[in-house]
1. If the viscosity is 0.890 mPa s and the temperature 25 °C, what Stokes-Einstein diffusion coefficient in µm²/s follows for the chain when Rh is the Kirkwood radius over Cα pairs?
2. Could you give the nm distance between label points at Asp12 and Glu56, where each point is 7 Å from its Cα heading toward the beta carbon?
3. Could you compute the FRET efficiency for Gln42 and Leu70, with r as their C-beta to C-beta distance and R0 at 41 Å, rounded to 0.05?
4. What do you get for the angle between helix 44-98 and the principal long axis of the chain? Use alpha-carbon atoms, 0 to 90 degrees, nearest ten.
5. Based solely on its DSSP helices, what 222 nm [θ] is calculated for the chain when runs of n ≥ 4 H residues each add -39,500 (n - 2.57) and the sum is averaged over all residues, nearest 500 deg cm²/dmol?
6. Could you work out how far helix 26-40 tilts from the main Cα principal axis of the chain, as a 0 to 90 degree angle to the nearest 10?
7. For q values of 0.15, 0.27, 0.28 Å⁻¹, compute log₁₀ I(q)/I(0) with the Debye formula on a Cα-only model of segment 41-99, without solvent.
8. Multiplying the sequence separation of Leu95 and Gln26 by 0.36 nm and subtracting their Cα-Cα distance, what value in nm do you get?
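We did not get these values from a lab; they are worked out from the coordinates using the rules stated. Just so it is clear, the structure is predicted and the values come from calculations on it, not from any experiment. Positions of Cβ are backbone-derived with ideal geometry, glycine not excepted, and every protein chain shown enters the neighbour counts.
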Amino acid sequence: MTYPLAQSSVKDLREVLELLQDPANQGEATQKFAALVEKVTQTPEMAEFLTVMWSELVSARRSSAFWEQLSDVEKNMSDQLVASNIQLQQNYLRLVQEQ
């Protein structure tokens with residue numbers, strides 16, 4: 001009898017986790033997760049357990065997003081440095097040829 005509830009709960013959890021992929025949707029994902037917790041928890045301990053796990057997951061996703069952004073910034077800086085170095089080498093070669 002609880003099988004349909006379990007199936008829908010798993011589906012709801014997948015949707016919530018998918019929403020959490022984008023940091024802009026964190027508020028909506030948290031609201032949907034709270035509704036899911038209310039639907040599936042039978043005991044306060046289970047609700048607390050799920051809430052703690054959710055907090056850790058949100059924290060990990062935020063950290064991941066931060067490091068991805070930092071990596072993108074580093075890549076852009078590296079690309080600009082390479083382009084600048086190439087330009088300097090070309091300018092040096094042109095100067096040497098002119099002399």
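1. Approximately 141 µm²/s, per Stokes-Einstein.
2. Those two pseudo-labels are separated by 2.3 nm.
3. E between Gln42 and Leu70, to the nearest 0.05, is 0.45.
4. Approximately 10 degrees, to the nearest 10.
5. Rounded to the nearest 500, the figure is -32000 deg cm²/dmol.
6. Roughly 20 degrees, rounded to the nearest 10.
7. -0.67, -0.97, -1.00
8. Roughly 19.3 nm would be gained on extension.
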